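Working notes, beginning with the structure itself.
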Amino acid sequence: MYQGMGKKAETVAAYEEAYRVQQKGARSEDLLERLLQVYLATEQWKPALKIQDEIDAQRGYDAYSAITRYRIYAMAGEYKKAIKEIDRYLKTDPDNLRFLLFKLELMEQTNAKPKNLIAMYKKILAMDPYNLMVLNNYAYYIATHGGDLNEAEKMSAITIREDANNPVYLDTY
């Protein structure tokens, strides 16, 4: 039935056919999840978001939905939308460290405004003062963008004390 198609296309076609059959009856969340994975594996971002919409309609919007949407947007290179998705979830759980770290990573990648980036570093470090990755990145940011080098050195020294052989931390120090 699917002869002449590549393996990915064949897999997508099979799941889409199963999905069309399923749509005529009750919608199976398991089938939707599987179809979502196929769309993600084949880098079909728009159909993946549509399927996530259907999953959310059945299950409701939650942390899993937010992470899935964040990842779809990030993989598609739509970083502003990915940040908006993280912000959307943070409205329901503003102190979720995992989501704050996701947001920080995107902010670093997109060269966010310095005051916003610094505020995010400080917020995360207030919640988790020994987060070595954040300490290192913030120290590096201060050192390369101007700022209190003594503060940067103190943060960097903590990372070296905790993980003396980490080449990234040694480079920053």
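The values are calculated or read from the model by the stated rules, or taken from the named source; none is laboratory data. What you see is a predicted model, and the numbers here were worked out from it, not measured in a lab. Backbone-built Cβ (ideal geometry, glycine too); neighbour counts: all protein chains shown. Surface accessibility is based on the protein's heavy atoms, side chains included, excluding ligands, DNA and RNA. Shrake-Rupley method; radii C 1.70, N 1.55, O 1.52, S 1.80 Å.
Among the residues of the range 49-78, just one is exposed (fewer than 14 other Cβ atoms within 10 Å of the Cβ) and either of a type in the set (S, T, N, Q) or in contact (Cβ under 8 Å) with a residue 40 or more places away in the chain (or both), namely Gln58. Restricting attention to the range 155-169, the residues that are of a type outside the set (A, V, I, L, M, F, W, C), in a helix (DSSP H, G or I) and in contact (Cβ under 8 Å) with a residue 12 or more places away in the chain total 4. Filtered by the rule that a residue be charged (D, E, K, R) and either more than 18 Å from the chain's Cα centre (by Cα) or on the phi > 0 side of the Ramachandran plot (or both), the range 27-52 gives Arg27, Glu29, Asp30, Glu33, Arg34, Glu43, Lys50. Being within 16 Å of the chain's Cα centre (by Cα), assigned to a helix (DSSP H, G or I) and more than 14 Å from Ala66 (Cα to Cα) is the filter here, so list the residues in the range 102-115 that pass it. Matches in the range 102-115: Leu104, Glu105, Leu106, Met107, Glu108, Gln109. Being assigned to a helix (DSSP H, G or I), at pLDDT 95 or above, at negative phi and out of contact with any Asp or Glu (no Cβ under 8 Å at 6 or more places or on another chain) holds for only one residue in Tyr89, Tyr64, Tyr73, and it is Tyr89. Exactly one residue out of Ile118, Ile142 is without any contact (Cβ under 8 Å) to a residue 24 or more places away in the chain, open to solvent by 30 Å² or more (accessible area, probe 1.4 Å) and assigned to a helix (DSSP H, G or I), and it is Ile118. If the condition is being charged (D, E, K, R) and not in a helix (DSSP H, G or I), then the range 52-61 contributes no residue at all.
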